[in-house]
Amino acid sequence: MNIKELLLNGKAFLALLNDFAIEAKNVIIQDEDLLFSGANQNSPVLKETVCIEGKNEDGIFNFFGTLHFNLLEKLAVFEMQGYEKVAPKV
């Protein structure tokens, strides 16, 4: 399962990327593989705090928030609580 692809299916996540001038190819969900380690068949809904990194010409943006993911419906929503900007390395 690729969470990034599922997030890109939603208009809200695309709007977030557009607001920061970040292309989808420059997005990384940190520790994505570990997110599914706590998932099980009894609970198809996953709710985890995540950091999503996006890069553009101005630098790196780390978006912090909660990922809501439904394993059965294959739906993902990112609820942003904040972000930080890291200046590009010169």
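The values are calculated or read from the model by the stated rules, or taken from the named source; none is laboratory data. All figures in this text were calculated on a predicted structure; none of them were measured in a lab. Quick note on the areas: whole protein, heavy atoms, side chains included, nothing else; ligands and nucleic acids left out. Shrake-Rupley method; radii C 1.70, N 1.55, O 1.52, S 1.80 Å.
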_Potential lengthening between A87 and E73 on full extension [0.36 nm per residue; Cα-Cα distance subtracted]_ = 1.3 nm
*Amide H neighbours of C51 under 5 Å, at least 5 residues apart or on other chains, H built in the peptide plane: list them.*
Q30
*Skip the ligands, DNA and RNA, and give the accessible area per residue of the chain with a 1.4 Å probe, whole Å².*
67
_Run the numbers for K47 and A21: contour at 0.36 nm per residue of separation, minus the present Cα-Cα distance, in nm._
6.7 nm
*asked:* Sequence gap at least 6, Cα distance under 8 Å: using those rules, report the relative contact order of the chain to the nearest whole percent.
replied: 26
*Okay, helix-only estimate at 222 nm for the chain: each DSSP H run of n ≥ 4 adds -39500 (n - 2.57), divide by all residues, round to 500 deg cm²/dmol; what do you get?*
-5000 deg cm²/dmol
*Going from most exposed to least, what order do K11, K4 have by accessible area with a 1.4 Å probe?*
K11, K4
*asked:* Computed from the coordinates I sent, Cα extents along the principal axes in Å equals one of [x] 48, 23, 21; [y] 58, 23, 13; [z] 59, 29, 17. Tell me the label.
replied: [x]
*Proximal lysines relative to K55, as straight alpha-carbon distance under 20 Å, when same-chain residues fewer than 8 apart are discounted*: K4, K11, K25, K85, K89
*Using a 1.4 angstrom probe on heavy atoms only, work out the carbon and sulfur share of the accessible area of the chain in %.*
51
